[in-house]
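Each remark here refers to the structure printed beneath this line.
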Amino acid sequence: AWYVPCLASHETLQELCRKENLTCKSIGITNRSLKSYEVEYLCDYKVEEGKAYYLVKWKGWPESSNTWEPRKHLNCPLLIQNFLRDKNEYLSRRRGGKAMKLRNHVKTLKPAIADYVVKKAKQRIALQRWKEELNRKKNHKAMILVENTVDLEGPPLDFYYINEYKPAPGINVLNGITTGCECADCPAEKCCPKEAGFILAYNKRKKLKIQPGLPIYECNSYCRCGPDCPNRIVQKGTPYSLCIFRTNNGRGWGVKTLQKIKTNSFVMEYVGEVITSEEAERRGQFYDNQGNTYLFDLDYDSDEFTVDAARYGNVSHFVNHSCDPNLQVFNVFIDNLDLRLPRIALFSTRTIKAGEELTFDYHMKGSVDLTSDSAEGLSPSKKSIRTVCKCGAMCCRGYLN
């Protein structure tokens, strides 16, 4: 389904709710807020007759209801702290990174400073709402955080979080598997990987022990073993708390781990819309005009299908490329044994420290196609366009294509 974002701002919707005496929790209008005033953020600052005043945006009220309030009336130390930090951040950037504060005798803020402070406050609220939405929709226990200390970019407007493949009409990502292993304690001689002709992918510590290129066969919903089976890893979702953050070198959003990740550990699954290769070809040419795409070819056994994570995906949508990555792609089969439709899992290639960015090589086998260079019918001029790589690795190839 295609969703159309509401074109009305929160302020417009809040004003309509108040006029009609309606409540709407999602935009901050409750029975309590209809009759009360709570500071949402601070917009401006001035000094009159020796007293400091702040222009207040009231939660659940439109901006037309903003009022100037003396400092002593405000019981919101965190919001005041945010206001001062945003103001000083703006001045620091104007001075080329040198810290600078307003002098005590300044009685009003310049409009540009006030405008920046308001934009940062709105961005903070929008990112907080996005974080809450992501954590409502995820199906794993680990937390997802969102952070932007670089610019004024807010949440992506046309991205919808999903936990598993979203198949296009006519594509079945579950092939109706009706049998599973009879193991009382996996792994056993007749466990799922051995039935498929491969070895168990994990060791006793639930870490990957196979080489890249080999498939992973996990126990499925019909297997006799329980949820603590050592052959159920990818299907449980990411076990690590991750942070979607804004990069400071022009690579847009990225993902970093908030916990230490040991070598050969499952980190996350790459999900999105499953489409035919023909549809991927059509979308790829459109995405090329935008300068990016999230097409991931499912080419383990054939090249019939592609995963498109541009509009529908999970945290992996925001993972950046590196020529020296710390994640590796593996094909996984659980409740679907169709070799044309593997699930895509990302495992750590080395120990990853808390706070370190997660990356994978977009040109790995069966990996993301950011260039569509292999597309038939593109003009020579289109094929010659080079995308500069900004991964910063010592072994950087210089270009993404």
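The values are calculated or read from the model by the stated rules, or taken from the named source; none is laboratory data. This structure is a prediction, so every number in the text was calculated from the model and none was measured. As a convention, Cβ positions derive from the backbone with ideal geometry for all residues, glycine included, and neighbour counts pool all protein chains shown. Calculation scope for accessible area: heavy atoms of the full protein, side chains included, ligands and nucleic acids excluded. Shrake-Rupley method; radii C 1.70, N 1.55, O 1.52, S 1.80 Å.
Pull out a ≥ b ≥ c, the square roots of the eigenvalues of the alpha-carbon gyration tensor of region 231-358, then state rounded if a/c is under 1.5, prolate if not and a/b is larger than b/c, and oblate in the remaining case.
Working: a/c = 2.21, a/b = 1.19, b/c = 1.86.
Since a/c reaches 1.5 but b/c is at least a/b, the shape of region 231-358 is classed as oblate.
Annotation: amide H-H contacts under 5 Å for Ile216 (H modelled 1.01 Å from N, sequence separation of 5 or more, or interchain): Asn331, Val332, Phe333.
Keeping the other protein chains in place, figure out the carbon and sulfur percent of the accessible area of the chain, with a 1.4 Å probe. Walk me through the numbers before you get to the answer.
On the way: 11150 of 21950 Å².
Here carbon and sulfur together make up 51 percent of the probe-accessible area.
Rounded to the nearest Hz, the phi-derived 3J(HN,Hα) couplings of region 343-360 under the Karplus curve 6.51 cos²θ - 1.76 cosθ + 1.60 (θ = phi - 60°) are 7, 10, 10, 10, 10, 6, 9, 7, 5, 10, 6, 4, x, 7, 6, 9, 9, 9, where x marks glycine and proline. For the chain, modelled as a GNM whose springs connect Cα atoms under 10 angstrom apart, the maximal fluctuation among Leu134, Leu84, Leu145 occurs at Leu84. Net charge in the neighbourhood of Arg350 (other residues with Cβ under 11 Å of its Cβ; Lys, Arg +1, Asp, Glu -1) is 0. The HN-Hα couplings worked out from phi for region 54-59 by the Karplus form 6.51 cos²θ - 1.76 cosθ + 1.60 (θ = phi - 60°) are 10, 7, 9, 8, 8, 5 Hz, whole numbers, x standing for Gly and Pro. Shape verdict for the chain, please, from the Cα gyration tensor: rounded (a/c under 1.5), prolate (a/b greater than b/c) or oblate. The shape class here is prolate. For the set Lys204, Lys46, Lys260, solvent exposure ranked by accessible area (probe 1.4 Å, protein chains only) runs largest to smallest as Lys204, Lys260, Lys46.
If you run the Gaussian network model on the chain, springs between alpha carbon atoms under 10 Å, then out of Arg246, Arg124, Arg32 the most flexible one is Arg32. Near Cys24, the amide H atoms lying under 5 Å from its own belong to Ile29, Thr30; only residues 5 or more places off or on other chains count, and H is placed 1.01 Å from N. Search the structure for amide H atoms under 5 Å from the amide H of Tyr41, placed 1.01 Å from N in the peptide plane, and list their residues when 5 or more places away or on another chain. Correct list: Lys57.
If both residues of a DSSP beta bridge must be in the chain, then about 75% of such bridges are antiparallel.
Just to be sure I follow the definition: excluding the sites themselves, where is the longest run in the chain that has none of the GluC sites (Glu not before Pro) in a DSSP loop with at most 10 other Cβ atoms within 10 Å? The answer is 190-375.
Normalised by the number of residues in region 143-360, the average gap of Cα pairs under 8 Å and 6 or more apart makes the relative contact order 27 percent.
Given a 1.4 Å probe and heavy atoms of the protein chains only, how would you sort Cys223, Cys24, largest accessible area at the top? List each step's numbers first, then the result.
Values: Cys223 15, Cys24 40 Å².
So, going from the largest accessible area down, we get Cys24, Cys223.
The phi torsions of region 252-264, fed into the Karplus equation with coefficients 6.51, -1.76 and 1.60 and a -60° offset, translate into couplings of x, 7, x, 10, 10, 8, 9, 10, 5, 10, 7, 4, 6 Hz, rounded to whole numbers, with Gly and Pro shown as x.
Identify which of Leu127, Leu214, Leu22 has the largest mean-square fluctuation in a Gaussian network model of the chain, with springs joining Cα atoms closer than 10 Å. Comparing Leu127, Leu214, Leu22 in the GNM, the peak value goes to Leu22.
Percent relative contact order of the chain, based on C-alpha pairs within less than 8 angstrom and at least six residues apart? All intermediate terms of the calculation are to be shown ahead of the outcome.
Details: 736 pairs, mean separation 50.6, N = 401.
The normalised contact order for the chain reaches 13 percent.
Among rounded, prolate and oblate, which fits region 143-360 when a ≥ b ≥ c are the square roots of the eigenvalues of its C-alpha gyration tensor, a/c under 1.5 means rounded, and a/b larger than b/c means prolate?
Details: a/c = 2.13, a/b = 1.35, b/c = 1.57.
Because a/c hits 1.5 or more and a/b fails to exceed b/c, region 143-360 counts as oblate.
Estimated from helices alone, the mean residue ellipticity of the chain at 222 nm is -6500 deg cm²/dmol (sum of -39500 (n - 2.57) over DSSP H runs with n ≥ 4, per residue).
Remark: the chain carries 55 Å² of accessible area per residue (probe radius 1.4 Å; ligands, DNA and RNA excluded). Over what distance in Å are the Cα centres of region 306-330 and region 220-297 separated? Computed from Cα coordinates, the inter-centre distance equals 5 Å. Along the Cα-to-Cβ line of Glu195, 7 Å from the Cα, sits a label point; which residues in region 168-183 have backbone N less than 17 Å from it? Inside the label zone: 174-183.
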